[in-house]
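Below is one structure; the comments refer to it alone.
Here, each number is a calculation from the coordinates, and none is a lab measurement. What you are looking at is a predicted structure, and each value in this text was computed from that prediction instead of being measured. When we count neighbours, we look across all protein chains shown, and the Cβ atoms used for this are built from the backbone with ideal geometry, even at glycine.
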Amino acid sequence: MARLKVWDIIHATRRLRSLGLVGDLAAVAATALALLLRFVTDPILPPGFPYLTFFPAVVLTTFFFGLRAGIVCGVLSGLAAWYFFIPPFYSFEMTPPTAIALAFYVFIVAVDIALIHIMHLAAARLREDAEETALLYEQQRTMFQELQHRVANNMQFVSAMLRLYSKRAGADPAAMLTALDDARVRLDTMSRIHRYLYDPVNVTRPVGAFFQDLCADLLEAAGADGVRVTVDMPPVQFDLTRLTPLSLIVVEVITNALKHAFPDGRGTIALRLVDEGDRMVLTVADDGKGMTPGATPGDGTSLGLKIVNNLATQIGGTISYEAGQGTTARIAFDAA
């Protein structure tokens, strides 16, 4: 406990040590006070103690006001002791005994100042380490809370998805088996996405590089060798709150395109992200066979449409579809 109080006192002197000119004035004042005390105590002191009151002045000045003030106090104190209390008195005459006395003073003062300065440096380093440790702890705590939040959201998403499958299957055993198999595929896809999302390297990468690798992995898993994915995105980064739903939407849309858009197994899917100021727009366009004549893009009650609509809502966005030469999904969401 006592050691902690010493470190607290050292930290409290940081502001005094940064004052510069005030420290110099304090050094002059400390020297004057030490000189006065030496004169006052001179009648009761035996000969041979010229530095008795000056050593504490140098030590205290260095401790409270820093290296520069300590050196100033040390120089002034040494000159005062030399002139007034080292024979021949009231003179700066240099004799062999005087040189020895001054050398002793310089050595002691230099060691004191150096030790106190090193102690200040160690205290500053200790404080920096403590602040860095506190920052790392706060980051770890935040990441743990975020992880808990993500896990809870993921479990809720899986639960909601299974409820949708249950409603769609009804009482038909064959439909139930199909629904369970479809659910397995989607859960496997979610697992693949989250392996990307929770890799720290991927989180700090630009979204274009992230989606390029994610889509390549998706095409490889689907065995779609004849389909090519192009990605055109600015070098921006998204946090997990937006990156997770966007990834699931992109995978859902691309998976749907791989199932229905390319009868011959060949084609191109283009991902493009545009910053429109307050909103960002992500488009996923394929050059496949397009929608069935007379069909309205986005209409229907399929599970895939419900999933992507719910995911878009999570990021305060909307999703719309355009039919033409192929099909385009347009996801608009808040930029911040």
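Rounded to two decimals, what is the ratio between the C-alpha radius of gyration of the stretch 84-144 and 2.2 N^0.38 Å?
Numbers: Rg = 23.8 Å, N = 61, 2.2 N^0.38 = 10.5 Å.
Normalised by 2.2 N^0.38 Å, the Cα Rg of the stretch 84-144 equals 2.26.
Per residue of the stretch 244-254, what does 6.51 cos²θ - 1.76 cosθ + 1.60 with θ = phi - 60° give for ³J(HN,Hα)? Whole Hz please, x for Gly and Pro, Karplus curve as stated.
Karplus-based 3J(HN,Hα) across the stretch 244-254 equals 5, x, 4, 5, 5, 5, 4, 5, 5, 5, 5 Hz.
Can you give the local net charge around Ser18? Use residues other than it whose beta-carbon is closer than 15 angstrom to its beta-carbon, Lys and Arg +1, Asp and Glu -1. Intermediate results must be reported in sequence, preceding the final value.
Details: positive: Arg14, Arg15, Arg17, Arg68, Arg127; negative: Asp24.
Counting the neighbours of Ser18, the net charge comes to +4.
Summarise the long-distance tail of P(r) for the stretch 1-140 by giving the % of C-alpha pairs beyond 25 Å.
Numbers: 3710 of 9730 pairs.
The calculated P(r) of the stretch 1-140 puts 38 percent of pairs beyond 25 Å.
Amide H to amide H, which residues 5 or more places from Val229 or on other chains are under 5 Å from it, using H placed in the peptide plane?
Amide H to amide H, under 5 Å and 5 or more residues apart or across chains, Val229 pairs with Ile269.
Show the residues, 5+ positions off or on another chain, whose built amide H is closer than 5 Å to the amide H of Asp287.
For Asp287, whose amide H was placed from the backbone, the distant partners under 5 Å are Thr268.
What are the semi-axes of the equivalent ellipsoid of the stretch 54-113, taken as the square roots of 5 times the eigenvalues of the Cα gyration tensor, listed largest first and rounded to whole Å?
Numbers: eigenvalues 101, 25, 11 Å².
With the √(5λ) rule applied to the stretch 54-113, the semi-axes are 23, 11, 8 Å.
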